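Okay, structure first, notes after.
Each reported figure results from applying straightforward, stated rules to the coordinates on display, with no laboratory input. Every value quoted in this text rests on a predicted model; they were computed, and no experiment measured them. Because the Cβ atoms are built from the backbone with ideal geometry, glycine has one as well, and the counts that use them run over all protein chains shown.
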Amino acid sequence: MSSPPDPDSLRDRKRRATMVSIENAATSLVLEYGFDAVTVDQICAAAEISKRTFFNYVPSKEAAVIGATPEDVSEADRAAFLDRGEEGVLDALLRLYLAAFAATRTADRDQTATLAQRRRAIFRAEPELAAARMTASSRFQLRLTDLVIVHLDRHPSLRRLAGVAVEAEARACVALVAASANLGLSAWLARDSATFEDLDGDCATALRQLALLAGAPDTTAPDTTAPPATAPTAPSASHPAGSPA
């Protein structure tokens, strides 16, 4: 006789399904009618939930539309990252970054892709929502920057920017990884039937490509000597950084 389903996993599945219903309803309605025209009551009706349930899952209509961003990394992932002194900072940081976002994911592959595509369209049409997403992502990136500072202080041989303060190098590392995640998500969304493992691979490929570009000669300079690399510029509002689905 088979065992009954684990109550915890069943509860988790139901919770994830409810969250996906909320996000699906919110993004679908806002994409069609605009943020200001959509009410929480309409989202609840489309998701077939009560208003009380809605606010048990998300604090606001805005949160349902822009999606969750990590608050921090887990203690286990933090400890593993700080102890990893034999590996380059960027590769380890990208894995940490992606793991943190994966922990916030509630949808399956197809649902995740649909939500990501809708949100990108919404962010283009609603700059205030794009700014809100960027603000939430920035808070997480600041925590990562503090973590990278500790990592570089603990493993000084991993530093790559001579004559640059450790804080500046840490910020550059986080900015590069966030840009890689955004580019990787774009590549992943363009593929059919790609898995979450493919998403991780696309982000890693984007990181390699950005590193190659950063090391390429500046053809706009008077000579062919590449100037020192600078931190990546801020992303546009239509593509908020740090949103790997």
Relative exposure of Tyr33, Tyr97, judged by other C-beta atoms within 10 Å (fewest first): Tyr33, Tyr97
Net +/- balance of residues flanking Gln42 in space, Cβ distance below 14 Å, scoring K and R +1, D and E -1: -2
Whole-angstrom gap from segment 163-209 to segment 10-89, using each part's C-alpha centre: 22 Å
Around Thr145: net Lys/Arg minus Asp/Glu count, Cβ-Cβ under 9 Å: 0
Likely footprinting exposure, Ile149, Ile22, fewest C-beta neighbours within 10 Å first: Ile149, Ile22
Normalised contact order of segment 82-226, rounded percent, pairs of Cα under 8 Å and 6 or more residues apart: 26 percent
Cβ-defined net charge surrounding Leu185, 10 Å radius [Lys, Arg +1; Asp, Glu -1]: 0
Contact order relative to length of segment 1-65, as percent, for alpha carbon pairs under 8 angstrom and 6 or more apart: 36 percent
